[in-house]
1. Subtracting the Cα-Cα distance from 0.36 nm times the residue separation, let me have the gained length for Asn105 to Asp66 in nm, one decimal.
2. Residue by residue through region 78-84, what is 3J(HN,Hα) from phi via Karplus (6.51 cos²θ - 1.76 cosθ + 1.60, θ = phi - 60°)? Round to whole Hz and write x for glycine and proline.
3. May I ask you to compute the full-extension gain from Glu114 to Ser75, defined as 0.36 nm times their residue separation minus their alpha-carbon distance, rounded to one decimal in nm?
4. May I ask you to evaluate 6.51 cos²θ - 1.76 cosθ + 1.60, the Karplus curve with θ = phi - 60°, for each residue of region 35-48 and list the ³J(HN,Hα) values in order in whole Hz, giving x for glycine and proline?
5. Work out how much length His17 to Lys58 would gain on full extension: take 0.36 nm times their residue separation and subtract the Cα-Cα distance, in nm to one decimal.
6. Given H placed on each backbone N at 1.01 Å, which residues far from Leu139 in sequence or on other chains put an amide H within less than 5 Å of it?
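Taken together, the values in this text are just the output of simple stated rules run on the coordinates, not laboratory data. Quick caveat, the model's predicted, so the values are computed rather than measured.
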Amino acid sequence: MTELVYRLQLPNGRTRHRRLLREPSPLVPHEGDLSGAKTCVALATAILAQARVRPVPKSDTLEANDPDQVAALLSRCLPAHEVQVHGPQLLPDWGNICAGALRSNGLALLQLFERSGARWSLVVGLEWREVNGTPSPPLAMLLMDVHCSPVWGVGHNARFAPAGPLHPHPSGDNRLWQLRTLDGGLISVSPGALVTVRR
């Protein structure tokens, strides 16, 4: 059996791995965190600060619909990092923005909206396709989504991409975006914001 872990660099130079299922994580959402925003902030803080995942204090109120509040909380938790909010008007560039954050040992949090409200996920990778030997813009964001079941042996459990000819939207409107879970689920979503964190 495999488990999802994140790596810690200990002060003595050795590394250690922590299991996500053994402590609060996107796979075990924080109590009352319906959107997953606090859970994603806690995990992002643990990964970038190389510490144990700890719940966000209850005193830190967080409005899941407001990406600026999520960014402010990340800035307080990670004072040595630069936190930026990218609105939906930059949606065509989100893949490249995420790639830059991930390359610089940072990460990104993605806010999506579904019928029930805001939904937050951690961006853990990107899906690329090469065209004539050169990478094209990213096709999809690979996510660790709070609301989806983990998939053993895989580092993500959902992908966010436009509906298209390979996976048309059930309504037939290919301009919509989809959250496709690795266990076969399909959720219609609209992009909210992208929050990037860099050292």
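1. Details: separation 39, 0.36 × 39 = 14.04 nm, distance 2.50 nm.
Difference between extended and current length: 11.5 nm.
2. My calculation for region 78-84 gives 10, x, 8, 10, 9, 10, 10 Hz in order.
3. Taking Glu114 through Ser75 to full extension adds about 11.4 nm, to one decimal.
4. 8, x, 4, 5, 5, 5, 4, 4, 5, 4, 5, 5, 5, 7
5. Result: 12.1 nm gained on full extension.
6. Close amide H contacts, sequence-distant or interchain: Glu127, Trp128, Arg129.
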